[in-house]
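To start, the structure under review is shown below, and the notes come after it.
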Amino acid sequence: MSENAISIRSMNKYYGGFHALKNIDFDVSKGEKVVICGPSGSGKSTLIRCINRLEEHQSGTIEVNGTPLDDNVDNIDEIRREAGMVFQNFNLFPHMTILENCTLAPTLVRKQSRDEAEENAMTYLERVKIPEQAHKYPGELSGGQQQRVAIARALCMAPEIMLFDEPTSALDPEMISEVLDVMVGLAQEGMTMVCVTHEMGFARQVADRVVFMDDGEIIEQAPPDQFFDNPQNERTKTFLSLIVGHQ
Amino acid sequence: MSTAASDTTMSYIRKHYFATPLNSAISVLLALFTLWVLWSLFDWAVLKAIWGKGLNEECRAHEHGACWSFVATRWRIVLFGLYPFEEQWRSALACLVMLAVAVLSCMPAFWSAKRLPILWVLGFATFFVLMRGGVFGLTEVTERDWGGLSLTVFIFAAVCLLGMPLAIIFALLRRSELPWIAKTMALVIDVIRSLPLLSIMFTFAIVLPFVLPDWAIGDKLYRVIVGYAIFFACYQAEIIRGGMQALLMGQEEAAKALGMGYWHRIGYIILPQAFRNALPPTINQFVITFKETSLVTIIGFFDILASGRAAAGTADWSFATIEMYLFVGFLFFIFVFCLSRYGAYLERRMAVGSR
């Protein structure tokens, strides 16, 4: 149990009367890279947002790094500190500079000194290749740059797990690869990653496992080679044919 | 070059003011009318005006010009109201202290959670000691005798300072996740907003003493300030809530995902952005609040408008009401105009952060 970074057992999620996630069992071991895909409305974003309590599940259990996700606020905070998240719309804080975006949570939550946090932030900004933008505001950056800052901001909290919620879906096509490059680098360094994305090239390149969801259920999961070349389920086959048809 | 420039000016004027005969006629008539109004004003306020101290007899005899002699003679009553004559330097100094505090707190260098409260506590303490006296060898002057500009400034500053934190609390309660808290707060805000300010002031000044225990009554002035602050807070809370609603949904989620707790999210992410969004209506609310301080006259306080009326209330100056209102209006104008310009400066400054 303890070697699992994320462990979800028979978890259900409802929006009012709508059954959004049905009896989900889902594990991610430490260092594993998992790509979740599926048609829109299949519940893949909801699943990843349940992991750090941006959405509340109604039944079943979720454990992150051995910490149970329940109504205990300390546990929720602990899990949020350990699981960094990158959003589709970047969600940088527009009233703060890039550097302030990256140092805010480490100083407030991790109690780092300002100098320490800034030094740390510059390291990560260099890693996502935009240290020269540190003193600009988010609105002055391109979408791809903003998303790279968002990744750096999450990394500044030194999380054990990174959750990506369609990180490239809001980007112009020419900016997708700069973000994916950063994510590939992160994967190669051994970060535990759960990534909701339609970038099948990325999935093939870095994923240890690809999960296909439809209609609130996990339909099929397999290593990328097997998943793409020999899908078992009819719905997976249909989905893949639609995606591949456009690539 | 200059002919080209004047050509374009001429063609601009022709295009916009003299396009058709009717258009030209209206332009000429309005221009003449404007000139006539400006000339009459200038003639009355400057050319035929009577300056200098104590010339009320001359003013009475000479009916066609402004009597600035009124201001020159009676300005101390307008500015200080019933405050004892020989102690009025204290009122003036207190007023200047308050203004200095206000100006300082408008400077970005003072925008920190430590400096601002210290500044304002010191400012209020100095104001209070100067105005009320009774210590350091200063004669005691009770709130009953405060008046004029310093009273107006004091009420305004106290209402805003008390009302703003209250407004933030109201706004946060109003969007509480617990429905009964949110709904109760919404009801309270709606009830207070639907009452006239005057009735709230009356209630706090006159009715409350019958209800409250003796130790909680306090001076009438402070009760009125508390009532006004609650009224202010209800309006300002809705302004802040509007600013919060304009926030992108993802902002709070991003802060949550970084492990930031409720107060950190509110203090660093939600409120700073909400105030930016809500800056124009907030400045508007300050302006309205400043001007409505005049309502305290009705419950027997000598704010600047009331002390102005008192200054023009004696038989020898009773003809100078226009000059009195112009003078008081001018003082209001200076305050409100500075406030508006400061608001515009803030908007420009904050626009940098959210480009």
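The values are calculated or read from the model by the stated rules, or taken from the named source; none is laboratory data. Since the structure is predicted, the reported quantities are computational estimates derived from the model, not experimental observations. Using ideal geometry, Cβ is built from the backbone for each residue, glycine included, and neighbour counts are taken over all protein chains shown. Calculation scope for accessible area: heavy atoms of the full protein, side chains included, ligands and nucleic acids excluded. Shrake-Rupley method; radii C 1.70, N 1.55, O 1.52, S 1.80 Å.
Here are a few things to note about the model shown:
- Rounded to the nearest 20 debye, dipole of the stretch B:85-350 from Cβ charges on Lys, Arg, Asp, Glu: 900 debye
- Solvent exposure, largest accessible area first (probe 1.4 Å, DNA, RNA and ligands not counted), of A:204, B:132, B:144: B:144, A:204, B:132
- Within the protein assembly as shown, percent of DSSP bridges classed antiparallel, to nearest 5: 50 percent
- Ordering of A:119-129, B:147-157 by packing [mean C-beta count within 10 Å, highest first]: B:147-157, A:119-129
- Residue B:191 accessible area, assembled protein chains, probe 1.4 Å, Å²: 70 Å²
- By average C-beta atoms within 10 angstrom, highest first, the peptides B:87-93, B:41-47, A:104-110: A:104-110, B:87-93, B:41-47
- For the segment A:84-91, counting C-beta atoms of other chains within 10 Å of every residue's C-beta and taking the mean gives 4.
- Over 29 Å between alpha carbons, listed pairs B:183/B:256; A:13/A:129; B:15/B:48; A:30/B:256; A:111/A:136; A:44/B:256: A:13/A:129; B:15/B:48
- Per-residue shielding of B:245-257, expressed as the average number of other chain Cβ atoms within 10 Å of the residue Cβ, stands at 6.
- Dipole magnitude of the protein assembly as shown about its Cα centre (Cβ charges: Lys, Arg +1; Asp, Glu -1), debye to nearest 20: 1960 debye
- Furthest towards positive pole of dipole, A:112, A:192, A:227, structure part chain A, Cβ charges: A:227
- Rounded to the nearest 20 debye, dipole of chain A from Cβ charges on Lys, Arg, Asp, Glu: 200 debye
- Summed residue charge, Cβ within 15 Å of residue B:189's Cβ, Lys/Arg positive, Asp/Glu negative: +3
- Dipole of the stretch A:4-245 [Lys/Arg +1, Asp/Glu -1 at C-beta], most positive-end residue of A:239, A:89, A:59: A:59
- Sum of side-chain charges, residue A:236 neighbourhood, beta-carbon under 9 Å (Lys, Arg +1; Asp, Glu -1): -1
- Per-residue mean of foreign Cβ neighbours for A:93-99 is 5 (Cβ atoms of other chains, 10 Å radius).
- Above 20 Å, the calculated P(r) of the stretch A:67-218 contains 50 percent of its Cα-Cα pairs.
- When restricted to Cα atoms, the stretch A:67-127 yields an Rg and a Dmax of 13.3, 38 Å, respectively.
- Residue B:75 paired with residue B:144, simple spin-label distance in nm, labels 7 Å along Cα-to-beta-carbon: 3.1 nm
- When only Cα pairs below 8 angstrom with a gap of at least 6 residues are kept, the stretch A:1-157 shows a relative contact order of 20 percent.
- Modelled spin labels at residue B:12 and residue A:3, positioned 7 Å past Cα toward Cβ, are 7.9 nm from each other.
- Measuring r between the beta carbons of residue A:226 and residue A:129 and using R0 = 30 Å, the FRET efficiency lands at 0.35.
- Cα pair count fraction exceeding 28 Å, expressed as % - the stretch B:85-350: 42 percent
- Mean separation of Cα contacts under 8 Å, 6 or more apart, over the residue count of chain B: relative contact order %: 19 percent
- Along its first, second and third principal axes, ordered by size, the protein assembly as shown spans 108, 78, 48 Å in Cα coordinates.
- At R0 = 51 Å, FRET efficiency that the Cβ-Cβ distance of residue A:19 and residue A:177 yields, to 0.05: 0.85
- Cross-link partners of residue B:220 among lysines (Cα-Cα below 22 Å; sequence separation of 8 or more within a chain): B:291
- Computed helical MRE - 222 nm, chain A, DSSP H runs ≥ 4 contributing -39500 (n - 2.57), nearest 500: -12000 deg cm²/dmol
- Compactness of the stretch B:3-44, expressed as Rg and Dmax over alpha-carbon positions, Å: 13.6, 41
- For chain B, the 222 nm mean residue ellipticity estimated from helices alone, with every DSSP H stretch of n ≥ 4 adding -39500 (n - 2.57) and the total spread over all residues, rounds to -22000 deg cm²/dmol.
- Local electrostatic count at residue B:121 - Lys and Arg +1, Asp and Glu -1, tallied over other residues with Cβ under 13 Å: +2
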